[in-house]
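Working notes, beginning with the structure itself.
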2 protein chains.
Amino acid sequence: MRVPDQEVEKRLERFRGAAREAGLKLTHQRMEIFHEVASTEDHPDADAVFRGVRERIPTVSLDTVYRTLWLLEDLGLVATLGPRRERTRFDANFTSHHHFLCGRCGLVRDFEHEEYDMLDVPPEVKRLGPVSRVSVEVRGVCRECAGRLRRKKGSKR
Amino acid sequence: MRVPDQEVEKRLERFRGAAREAGLKLTHQRMEIFHEVASTEDHPDADAVFRGVRERIPTVSLDTVYRTLWLLEDLGLVATLGPRRERTRFDANFTSHHHFLCGRCGLVRDFEHEEYDMLDVPPEVKRLGPVSRVSVEVRGVCRECAGRLRRKKGSKR
DNA sequence: TTAGGTGCAAATTCTTTGCACCCTG
DNA sequence: CAGGGTGCAAAGAATTTGCACCTAA
C-alpha cells in the first residue's frame, strides 16, 4: 500500500519544519527513515524500516532506526499501534468495552459506552474477513502524565 | 481495578468448560494463571501475571505463564491489546483513519469511515486526560487466515 | 498408565546503551 | 568548529524452545 507522492512530500515537509523548530539536525539517515515510514501504509516494524532504509544507505544501523523512530514519535510525526513501547498485555474482559490509552506511560483504562457498542462495520471492511469485535480506542495523555509534561514545558521557558 | 467475584467465577467456569471440550488438562497452574488475568482490569503483561501467580504457586515458571497465556488466547478466553504477538509497529498516517486487525497473522489494514470520525468522547473518559485521537479497532480474521483455519478444522473431523 | 504439562536452563529475538568518530548547522 | 548524531559492539529485556520429570484424567 503506497502513499501518494504528494502526501509523502507534505509529510516530509512537516518533518523538516518540526526538526528545525526543535533544533534537531536533518541528517540523511533521519530523512530516509521518516520517508520509509511516511511512504507506506503497511505499519512497518523497526526491522522492516531498517531493511528498507538500508537499500539506500547501506551503512545505517538498526539502533539509529530505533532512536529515530522514537524521536519521530516524540515529535508527534509517527504513532505506534497499540500501547506505546509496551510488551504484550492481556485482558479477559469479554463484555463489550473500550479503551483509553495514555501515550506517555502506557496506562490503559477500560470503559463502557453504549453508543460505541452499536457501531456498524462498513461493508468494505466486512469484506476483509469475519469480524469478531469492534472497539474504540481513545488516545490521549493521562492526568498524571499531563501534569508532568506541563511542569517540564513550563520550566523550559 | 478488581473484577467482582461473581464475574470471576463465571469466567473460571467458562474456562473449565472450554478446557474440557478441548481435551486440555486443568492444572493448578492454568487455573491460577487464568484467575490472575480474569480477576483484574489492569491488563497485566506476562511478567505481572507471573509475579501474581508466584505468590500462590512459588514454583511456577515464567515460560509456563507464557505458554498458558497464548493457550488462553487460542481458546478465545483472553485477548491481547494491540496486534497479537507483534512487536511495535509505526504509522505516519495522521489523517483520521481506523484499523482492521487480523488476530491470526497480525495484518493491519487502514480504512476511512466518516461515521467513525464523528464519535463523541463521553465526559467520564474526557476526565481521564486530554484526548488527542479517537479511532475504531475492528478485530477479526483476514480472508487468508480464515481460509487456512477452515481447512484445518475441516481436516480434523 | 500415559500423554499432555511443567520447570529449568539455554537459546532467540527485540531493543537499548556506551563510546569514539563524523557531519550538520 | 562544536555539539548533536551515527555506527559498532556489547548489554539488557522479553519471549521461546528442548528436554527430562511430573501429574491430571
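Every number here is computed from the coordinates shown, using simple stated rules; none is lab data. Being a predicted model, the structure only gives us computed values, none of them experimental. We place every Cβ from the backbone using ideal geometry, glycine too, and count neighbours over all the protein chains shown.
General remarks:
- For chain A, the ratio of Cα radius of gyration to the globular rule of thumb 2.2 N^0.38 Å stands at 1.24.
- Between the listed residues A:H97, A:A48, A:S135, the Cα displaced farthest toward the positive end of the dipole of the protein assembly as shown, a dipole computed from Cβ unit charges relative to the Cα centre, is found at A:A48.
- The mean sequence separation of alpha-carbon pairs under 8 Å and at least six residues apart, normalised by the residue count of chain B, gives a relative contact order of 16 percent.
- Every helix of 4 or more DSSP H residues in the protein assembly as shown counts as -39500 (n - 2.57), and over all residues that averages to -14000 deg cm²/dmol at 222 nm.
- The A:E124 and B:S61 beta-carbon pair, evaluated with R₀ = 51 Å, returns a calculated FRET efficiency of approximately 0.65.
- Taking the protein assembly as shown as the region of interest, the number of lysine pairs whose Cα atoms are within less than 29 Å, with members eight or more places apart or on different chains, is 16.
- Surface/4 of the Cα convex hull for the protein assembly as shown, nm²: 19.6
- Cα-projected label distance for B:L24 with B:R87, points at 7 Å along beta-carbon direction, nm: 2.8
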